[in-house]
Each structure stands twice: as C-alpha cells, then as structure tokens.
Amino acid sequence: MHGDFSRVTFDPARRFSSVLSQQGRVQLDAEFNEQSAILLHYVRTLAADLLGPAAYPPDKDEDALGGFGVDGFDGDTFSVAPGRMYVDGLLCECDGTDYWDQPDGHLNSDLEDDRLPSGPFLVYLRVWERLITAAEAPWIREVALGPGGPDTTARTRVVWQVCRLPLEHGSFRPDMRSAVGFLRERIRGDFHPRGRLAARTRHPDEDLSPGYRGPENQLYRVEVHQGGPVGTATFKWSRENGSVVLPVRRIAGATVELETLGRDDKLGVDMGDVVEIVDDAAVCRSASDQPDAKCGRLYTVREVDYAGHGVVLDAEPTGVGQRPSLHPFLRRWDSECGEEGTALLVREGAWLPLEDGIEIRFASTNGPHVYRRGDYWTIPARVLTGDVEWSRNREGEPLRRRPHGVHYRYAPLAYIDPRGDGFELVDLRVPFPPRR
C-alpha cells in the first residue's frame, strides 16, 4: 500500500503472536502496524478455516436472499441483496445495490467489457484491500491542526466488486462445489504464475562495494505499471513508497491546479518529476483479473506555478481526474518515463540500477508467467548498514520474492443463462448456520 511507512515488517512465516511495547523505548509506525496485521491475520485465518473460502450467513427471514444474493436479472442488470459474506476470512458488507450502482465498481455502460453478456455468464465477487489517506477521505484530517496541516493516520478499506465472466454453453456445470475451482482456472491474472523480484545493494563477492549511498532511510517501492509477459510489462519506482500524493483542485488542458505543492522539497513536486493522475474510479478499475489490463499514462512536469499551486504537464490528462467527487490526486514517482508516458520496460535476468547503489532483478518462475498490473515490492534501505533489508539464502544471495501485493480474493455468487424471454439463475453461494 502507498502509505508513508518506514517499513512493513509483518511476515506470517515468523509466527509472531503479538508486539509488546517496552518502557522508555522509541515507538515506531512499523511496530504498531505489525500488531494490527498480526491480529487481522489471526482473525481472518480463523474465519477462513471455520467457514471455508467463501460463505454467507442466511437471513433470519426465510424469504430473504441473504448477503450478496443475486436476483432480478433483466438482461441489462441484476440486484445484489444486502447482507454479509466472508471471502477468505475478509468481511464484506453490502447495503443492497444493483450491478451498475455498486459503490466501488465505477462501471461504464459504454464499455463492452462492463456490459452483461447475452450468453451464459458467471457472477462473482472480487475482494481486496485499498489504502485510504486524507487525499481520498478529507474527513480523516484533523482540522484543529490548521489549514494545510499535516495528515496523521491512514485507513484500509475492504473493497468488493461484483464482476461477470462470460462463458460458453456447456463449459461450466453450475454447482457450488465446482464453482470455486472453475473460477480460479479461468482468472489468469491471479492464478497464473507471476514474475518475481530480487533486490540488493552490492554483488555478494564485492566486499569493498559502497552499498547503499543514499543520505536518508527510505522505503523503496517497485510497482508493475503495465501488466503482461516480458516484453510488454513495464514498471515504475518510488523512494517514498509512492506516498507523495497531492490533491487536485481542477484540470484545464495540461495545467493541473493542486491543493498544495507539498510540505517541502522532499515530499513535493518540481520540474522534471514523473507523475500520474489518479482518482477513486482509476484505483478501483485498475483491479483487474487480466494481467495485461490497459493502464493510464505517466506525465512529466514541465512547469511549476509556485504562487498558484499549479503544474503544467507534458500532455493533457484525459479520462481521469475531471470529477471532484472522485477525489482526484497527483502521485509522484521517482523513476523516468519514456515517450508518450510509458514506464520502464521489465527485463529479466539482469540487475537494473535504481539509485544510490540499489539494484533490482526481475526473475522468472519455471514456466509461463506474467506480471500483473499493480503488483508491487517494497525495499527498505538503511543508511546505518548501507544495505537493503531483503531475504537471502545461505550463500548470501538475494532471494526471488513473490509480489508483496495486491492480494485479491474471489467468491462465486451465481450462474446466469439468458434464454429467450427468460433466464436460468443458479445460486452458487455457500451458506453457513447462523448463530442462535
């Protein structure tokens, strides 16, 4: 997540059960966050072990559908019943909606990929967690700290999206037992093997290498920008974990008026910086089952209006950032960008320099693999050790690591087959006994 964190320390393989504060010690953000992660991991693992990969509590009213029940298909939309569902232990809550009006769907009826198919299709739930800062939710900021004052904490939000998967006639037998396995086979972006990454500051056999040469401790972030196989996939990186974000007031041509240019030179924006325009819809629509889903472009800042809090980009932003209700903001990256706003090309097998002695290497798995848009790795760099914190094998070589996120979970909801003037609808949810 793109938070202003010192590092992210939770690892279930370490089997820690709690974080204990000691008197007179410095308090660190990473330790508080690890305690929350430990508790969430315990609760969600327990829920998944008891309830299975996806289950919902039936409504006390026997005539009610219960959480995320699908009904009322009319060829263009369907309704989603209010209630709860647990997906891999994550609690999803729905107040009742329909396919087009779901809160985090941001669907567009002009797009073929969003409209419901004319043939049979599977309705399923995609679940993930999103970081929410004061840029997306201004009410988080404490106004008593003054206008333009610093933000404090961030939040995580469970995002659920009702999606559809077109099917061929006879390709799927609609029953609860086979639905989960079938869904995993068909969703390539998550269940297809994904590329890995290693990080280092020096060659293992070069003891005299200066290592990390940066002036400050940093949390580097390497993120896949355009997904796909090698040759198509691109990446971008940030020394601040992508946390430098500046709310957008309005966009006029290539000029973007911002709420602020940042707190200082380190956490602001200046000429030559590489940025992207993001809003709620862009974030939610970037969550895709397909690794090669189309991404937005990057921009280079050409001019800065310090008095008017404005920047002029190398191209006019289109399609995103135009609606204030979607909380648009500008995110700064520290990597370069190519012509027409392209990110850096993913190349495997070679160590690629970032800056100040830090190198990364994209590594393949054995067999076909892809890089999914939004996959990321975080790399803590420390001045005292002159090194990065990264797992190594017994010979001291950096290990190839799977992406640290984003982690998506899935649950089948229903099978719908339009037939003439009617349709067949099969409920694929798994109920569990409600507490009495």
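The values are calculated or read from the model by the stated rules, or taken from the named source; none is laboratory data. Only a predicted model underlies this, so the values are computations on that prediction, with no experimental measurement involved. With ideal geometry, Cβ positions are generated from the backbone for all residues, glycine too; neighbour counts draw on all protein chains shown. In case anyone asks, the SASA skips ligands and DNA or RNA and just uses the protein heavy atoms, side chains included. Shrake-Rupley method; radii C 1.70, N 1.55, O 1.52, S 1.80 Å.
Overview of results
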item	result
Calculated Rg and Dmax of region 227-321 using C-alpha coordinates, Å	14.3, 44
Chain lengthening between R157 and N393 when straightened (0.36 nm per residue, less Cα-Cα)	81.4 nm
Long-range HN-HN contacts of L345 with modeled amide H, under 5 Å	F235
Cα long-axis angle, helix 176-186 against the chain (0 to 90 degrees, to the nearest 10)	40
Mean ellipticity per residue at 222 nm, deg cm²/dmol - from DSSP H runs of n ≥ 4 across the chain, formula -39500 (n - 2.57)	-3000 deg cm²/dmol
Long-range HN-HN contacts of D314 with modeled amide H, under 5 Å	T300, R302
Quarter of the Cα convex hull surface for region 1-139, i.e. its orientation-mean projected area (nm²)	13.0
Calculated from backbone phi, Karplus (6.51, -1.76, 1.60) coupling profile of region 378-394 in Hz, x at Gly/Pro	10, 10, x, 10, 10, 5, 4, 8, x, 8, 9, 8, 8, 4, 10, 8, 5
Spatially proximal lysines relative to K294 (Cα-Cα < 20 Å; intrachain offsets below 8 disregarded)	K236
Karplus-derived 3J(HN,Hα), 6.51/-1.76/1.60, for each residue of region 220-230, Hz, glycine and proline x	6, 10, 10, 10, 6, 8, 9, x, x, x, 4
Hz values of 3J(HN,Hα) by residue in region 81-92 - Karplus curve (6.51, -1.76, 1.60), Gly and Pro given as x	6, x, x, 10, 8, 10, 10, 6, x, 7, 7, 10
Surface accessible to a 1.4 Å probe, per residue, for the residues of the chain, Å²	53
Listed residues F172, F235, F329, most fluctuating in the chain (Gaussian network, C-alpha, under 10 Å)	F172
Sites R419 and L50, calculated FRET efficiency, Cβ-Cβ separation with R0 30 Å, nearest 0.05	0.20
Estimated inter-spin distance, D61 and E142, nm [label 7 Å along Cα→Cβ]	4.3
Separation in nanometres of the label points that stand 7 Å from Cα toward Cβ, at R323 and L39	3.5
Percentage of interatomic Cα-Cα distances in region 302-436 larger than 28 Å	54
Normalised alpha carbon radius of gyration of region 397-436 [divisor 2.2 N^0.38 Å]	2.23
Ellipsoid equivalent to the chain - semi-axes via the Cα gyration tensor, in Å	38, 27, 23
Sequence-distant residues sharing a close amide H with Y220 (under 5 Å, placed H)	I379, A381
Cα pair distances exceeding 25 angstrom across region 81-180, given as percent	41
